[in-house]
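Written out below as C-alpha cells is the structure these notes cover.
The values are calculated or read from the model by the stated rules, or taken from the named source; none is laboratory data. Keep in mind that what you see is a predicted model, and the values were worked out from it rather than measured. Positions of Cβ are generated from backbone atoms using ideal geometry, with glycine treated the same way; all protein chains shown enter the neighbour counts. Heads up: the accessible areas ignore ligands, DNA and RNA and are worked out on the full protein's heavy atoms, side chains in. Shrake-Rupley method; radii C 1.70, N 1.55, O 1.52, S 1.80 Å.
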Amino acid sequence: MTSDDLGLSPGARILVADRDEAMARQMGEHLSAVGHTVLLAFDGEEALRRIRRDDPEIALLDVGVSRLNAYQLCERVKSHATTRGMPVIMLVSASAQDEKIRALEVGADDFLSRPVNKLELLARVKSLVRVKRLHDQVETTENVIFGLAKMLEGKVSPEGSDSQRLADHACLLGRALGLDEEDLDNLRKGALLHDIGKISVREQVLLKQGRLTEEEYNEVKHHPEVGERICGPLRCADEVLPIIRHQQERWDGSGYPDGLAGERIPLLARIMSIANAYDAMLSPRPHRPPMSREEAQEVLRQGAGTQWDPHLIEVFLAALRRQTSAAA
C-alpha cells in the first residue's frame with residue numbers, strides 16, 4: 001500500500017497542533033500530498049481558535065503543546081455540542097504508556113506514537129474521517145426525517161393534538177410499567193414519528209370531514225409501512241420502527257398492517273396505541289367536540305381485551321388516577 005491509496009475525495013480539513021514546528025510541517029506535507037487541507041497550530045490556544053474558526057474534520061494534537069495542553073483541549077472539544085463529533089488523534093511518545101491512557105481518558109479517538117509513520121498517519125486519518133462523514137450523513141438524514149414529522153404534524157394533526165402530549169401519556173404508562181430511560185426515550189421519538197407515513201396519504205383524505213370510504217380507509221392503512229420505510233435510516237431504527245409499524249394493531253388481531261394479536265404486538269407499540277387513542281379522544285374532531293377525561297377513560301375500559309392490552313389499560317388508568325390526585 002502506498003500513500004496514493006490513502007487519500008480521500010474530497011480531501012479533509014485537518015488541524016495539526018504540534019510544539020515542534022518542523023514536525024508539524026512535515027506531517028502537513030504528508031497530508032497535503034494526498035489532497036488534504038492542513039491547518040497548523042503550535043500551541044493549544046491557537047489550536048482552539050482554529051477549531052472554532054475553520055471547522056476542521058479531524059485534529060492531530062501533540063500531547064506536549066503548551067498554553068492549553070492537549071488533554072485540556074481534547075476535553076473542551078469533546079464536551080462542546082458543535083465539536084464533540086470531531087475525531088481527535090493524540091501524538092504520544094512511543095514508550096509513555098501513561099500518555100496513551102490519559103489520551104483515551106479525555107476522549108481521544110486514537111493515538112499515534114512518535115516518530116510518526118507516514119503510512120500509518122494517512123491510514124488513521126482516512127479511517128476516522130470516513131467514519132465522521134458517515135456519521136454526519138446519518139445525522140443530516142435524521143434531522144430531515146424529524147423535521148418532516150414536525151411539518152406533517154403541524155399540517156394535518158387535529159386541533160389540540162400534539163406529539164409532546166402524546167409522548168407524556170406514553171411515558172406515563174411506560175414509567176408505571178417500570179421501563180428504563182432508553183425505552184422512554186424511544187417512546188418520545190415514536191410519539192413524533194408514529195404518523196410520518198401519512199405523508200403518502202392524499203391531503204383531502206387526511207383532512208376529510210366525515211367518514212372515509214372503504215377505498216380511502218385502505219389508503220390510510222398503508223401509512224405504518226410507509227413510515228417504517230421512511231424511518232429505516234435512523235440510528236434508533238431497531239427500537240422505534242416496531243412502534244411505527246405496529247401501533248395500529250389491535251389486541252384481538254383485527255388491526256393493521258400485519259394483524260398481530262396479543263403479546264405478539266411489541267410492547268412499545270401497545271403502549272403507543274393506548275396513548276395515541278387517549279390523546280385523540282381528548283382532541284376535537286370534525287364530527288364531535290373533545291371528550292372529557294372521564295369519557296375517554298371509559299372508552300379505554302370498554303376496549304380493554306379487544307382493541308387494547310387489558311393489563312396495560314389497567315395500569316394506564318391507575319397512573320392517570322395517581323396523576324389527577326397528585327395535581328389536586
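When Arg270 is tested against the conditions (1) in contact with a Pro (Cβ under 7 Å, 6 or more places away or on another chain); (2) under 27 Å from Arg175 (Cα atoms), the lone failure is (1). Pairs are defined by a Cβ separation below 9 Å, a sequence spacing of at least 6 or placement on different chains, a first member in the range 135-153 that is within 30 Å of Pro87 (Cα to Cα) and in contact (Cβ under 8 Å) with a residue 40 or more places away in the chain, and a second member that is part of a helix (DSSP H, G or I) and among the charged types (D, E, K, R); the pairs so defined are Phe146/Lys189. Count of the range 247-268 residues, restricted to those that are surrounded by fewer than 16 Cβ atoms within 10 Å (Cβ to Cβ) and of a type in the set (A, V, I, L, M), is 1.
Residues in the range 190-200 that are open to solvent by 10 Å² or more (accessible area, probe 1.4 Å) and under 14 Å from the mean Cα position of the chain (by Cα): Leu192 alone.
Tell me, yes or no, whether the range 55-74 has at least one residue that is open to solvent by 80 Å² or more (accessible area, probe 1.4 Å) and over 17 Å from Asp18 (Cβ atoms).
The first filter runs over the range 55-74 and keeps only residues open to solvent by 80 Å² or more (accessible area, probe 1.4 Å), leaving 55, 67, 72.
If we keep only those that are over 17 Å from Asp18 (Cβ atoms) too, we end up with 55.
Yes - at least one qualifying residue is present in the range 55-74.
Could you say whether any residue in the range 245-259 is farther than 14 Å from Pro224 by Cβ and part of a helix (DSSP H, G or I)? There is no residue in the range 245-259 that is farther than 14 Å from Pro224 by Cβ and part of a helix (DSSP H, G or I). Picking from Ala123, Ala108, Ala149, which residue would you name as being aliphatic (A, V, I, L, M) and in a loop (DSSP other than H, G, I, E, B)? Testing whether each residue is aliphatic (A, V, I, L, M) and in a loop (DSSP other than H, G, I, E, B) leaves just Ala108. Total residues in the range 201-222 satisfying the condition of being modelled with pLDDT under 85, assigned to a helix (DSSP H, G or I) and open to solvent by 40 Å² or more (accessible area, probe 1.4 Å): the figure is 3. Within the range 87-105, the residues that satisfy the criterion of being open to solvent by 70 Å² or more (accessible area, probe 1.4 Å) and in a helix (DSSP H, G or I) are Gln97, Asp98, Ile101, Arg102, Leu104, Glu105. Of the candidates Leu112, Leu68, the single residue that is hydrophobic (A, V, I, L, M, F, W, C) and farther than 24 Å from His30 by Cβ is Leu68. When the range 166-189 is filtered for residues that are farther than 15 Å from Ala149 by Cβ and open to solvent by 20 Å² or more (accessible area, probe 1.4 Å), the ones remaining, listed by number, are Asp168, Leu172, Arg175, Ala176, Leu177, Gly178, Leu179, Asp180, Glu181, Glu182, Asp183, Asp185.
Can you name the residue in the range 114-152 that is among the small types (Gly, Ala, Ser) and at pLDDT below 90 and is also surrounded by the most Cβ atoms within 10 Å (Cβ to Cβ) among such residues? Before the answer, list the steps.
Our first condition is that a residue be among the small types (Gly, Ala, Ser); within the range 114-152, this holds for 123, 127, 147, 149.
Applying the additional criterion that residues be at pLDDT below 90 yields 147, 149.
On the way: Gly147: 10, Ala149: 23.
This residue is Ala149.
Listed by first and then second residue, the pairs with beta-carbon distance under 9 Å, at least 6 apart or on different chains, first residue in the range 314-326 and open to solvent by less than 30 Å² (accessible area, probe 1.4 Å), second β-branched (Val, Ile, Thr) and in a helix (DSSP H, G or I), are Phe316/Ile271; Phe316/Ile274.
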